[in-house]
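We did not get these values from a lab; they are worked out from the coordinates using the rules stated. Quick caveat, the model's predicted, so the values are computed rather than measured. Cβ placement follows ideal geometry from the backbone for every residue including glycine, while neighbour counts extend to all protein chains displayed.
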């Protein structure tokens with residue numbers, strides 16, 4: 001058995017199997033932008049945290065509602081008296097006094113129920129306020145969802161740019177290496193100065209260094225994307241270029257601005273918090289009123305050798321009024337009103353910030369579209385420039401430096417188009433996010 005394992009054929013087979021498995025594990029996984037967004041939303045830690053906040057707000061609504069339910073308390077005690085108590089009883093109707101009983105233990109219990117009838121509106125305001133805050137929490141989750149979508153789009157665009165850079169630089173490196181081979185043959189035959197060969201070799205080295213940086217950046221970007229989507233960090237993701245196409249009809253800046261003021265969830269959430277703050281003022285004012293409750297109870301007691309009480313049921317109405325509220329509530333009302341004023345000011349500030357963000361996002365998108373047009377035209381110009389320079393070089397009318405510069409310019413314009421295309425998608429989605437319609 002040992003001899004079989006040591007045979008070269010078996011070892012070669014094992015090496016091939018391991019290599020195949022490793023190659024399979026590193027196969028790039030193609031993923032569209034929509035798939036990335038769905039994965040990111042499903043595995044977002046931020047959204048999971050926000051969901052927990054929604055559950056907390058929902059529980060607060062339930063707690064406020066349960067305050068309308070009766071309070072029911074049961075208590076009981078057993079007391080042992082180590083010393084004989086001094087008990088003096090009043091004389092009976094005949095005027096004859098009685099001796100005190102020998103008491104050494106007491107057992108008693110009680111059950112009390114209280115149902116609120118009138119609280120000045122505190123319960124109603126508390127329930128409604130909790131509902132407003134619950135809805136605000138849900139809107140906060142929607143706002144975070146929009147932010148997560150934009151972050152995924154941004155990460156996806158960066159992944160696309162990194163992959164495109166690797167592909168373009170690798171293509172340029174192959175051309176540079178072929179040029180070095182051609183120049184080497186020319187230099188050996190005395191048809192090319194050695195200085196020109198060195199220039200070509202230097203460009204090849206620079207392209208190789210650029211490729212190393214590009215590959216490193218792609219790996220880092222891929223890890224960031226994988227973690228954002230909840231995938232293993234070793235995953236090699238391949239973006240789909242067809243996904244990076246802005247869609248939909250572009251509206252006017254004024255239309256986006258009005259849409260943002262009407263549909264942004266942070267604006268709606270702040271409006272709900274203002275309503276909750278206004279209810280808080282009413283809740284504090286309710287402290288001026290007494291609390292009225294329907295009460296009932298049952299009492300039982302047993303003192304051996306002296307007293308037994310059973311079936312002592314009572315029903316009544318309880319009134320509670322804190323007289324100090326007359327002079328203490330006014331300051332609380334002032335605090336509640338100040339909080340409501342702060343939210344009103346925050347609303348005005350948020351509206352102004354929203355208008356500014358929409359204007360900035362709209363202009364950035366327009367500029368991104370113009371950049372694509374300019375860069376595409378620059379690619380045509382760079383390609384034509386390289387063709388002309390190559391012809392001149394072949395006819396000894398241009399230097400090697402001119403040829404290499406034209407080649408670098410051609411590469412740079414291609415990179416610019418790739419980056420501008422991805423940036424335009426990000427700019428478009430940022431415009432949708434600022435307008436509150438990125439989910440659409």
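Would you look at the GNM of the chain, springs on alpha carbons closer than 10 Å, and say which of 191, 159, 261 moves the most?
191
Specify the inter-centroid distance of the range 147-170 and the range 255-282, based on alpha-carbon positions, in whole Å.
35 Å
Which entry is the computed Rg and Dmax of the Cα atoms in Å for this structure: (1) 22.1, 70; (2) 41.3, 155; (3) 40.3, 149?
(3)
Give me the percent relative contact order of the chain, please, defined on Cα pairs under 8 angstrom at least 6 residues apart. Don't skip to the answer; put the middle values down first.
On the way: 570 pairs, mean separation 100.1, N = 440.
The normalised contact order for the chain reaches 23 percent.
Counting only helical runs of four or more DSSP H residues, what would the 222 nm mean residue ellipticity of the chain come to if each run contributes -39,500 (n - 2.57) and the total is spread over all its residues? Each step should come with its number before you reach the end.
Details: 10 runs with 296 residues, N = 440.
The per-residue figure over the chain is -24500 deg cm²/dmol.
Using only the alpha-carbon atoms, how far is helix 122-188 inclined from the longest principal axis of the chain? Give it as 0 to 90 degrees, nearest 10.
The angle comes out near 20 degrees.
Taking the chain as a Gaussian network, Cα atoms linked when under 10 Å apart, which of 340, 242, 424 shows the biggest mean-square fluctuation?
Between 340, 242, 424, it is 242 that shows the largest mean-square fluctuation.
Rounding to the nearest 10 and keeping the result within 0 to 90°, find how far the Cα-based axis of helix 33-43 lies from the longest principal axis of the chain.
30 degrees
Counting pairs of alpha carbon atoms under 8 Å apart in space and at least six apart in sequence, what relative contact order in percent does the range 307-431 give?
Numbers: 52 pairs, mean separation 38.3, N = 125.
Relative contact order, the range 307-431: 31 percent.
Nearest 10 degrees is fine. How inclined is helix 8-25 to the longest principal axis of the chain, computing both from alpha carbons?
60 degrees
By count of other Cβ within 10 Å, fewest leading, how are 356, 210, 225 ordered?
Values: 356 12, 210 18, 225 24.
So the residues, fewest neighbours to most, are 356, 210, 225.
Please arrange 274, 392 by counting, for each residue, the other beta carbons lying within 10 Å of its beta carbon, fewest first. Write out the running numbers ahead of the final one.
Working: 274 20, 392 15.
Ordered by Cβ neighbours within 10 Å, fewest first: 392, 274.
Do you know the relative contact order of the range 221-309, to the nearest whole percent, from alpha carbon pairs under 8 angstrom that are 6+ apart? Spell out each step's value before the answer.
Working: 24 pairs, mean separation 9.2, N = 89.
Relative contact order comes out at 10 percent.
Just to be sure I understand: with springs between alpha-carbon atoms less than 10 Å apart, which residue in 104, 391, 359 has the highest mean-square fluctuation in the Gaussian network model of the chain?
Of the options given, 104 has the highest mean-square fluctuation.
Which of 45, 302 has the fewest other C-beta atoms within 10 Å, and how do the rest follow up to the most?
Details: 45 10, 302 15.
Lowest to highest Cβ neighbour count: 45, 302.
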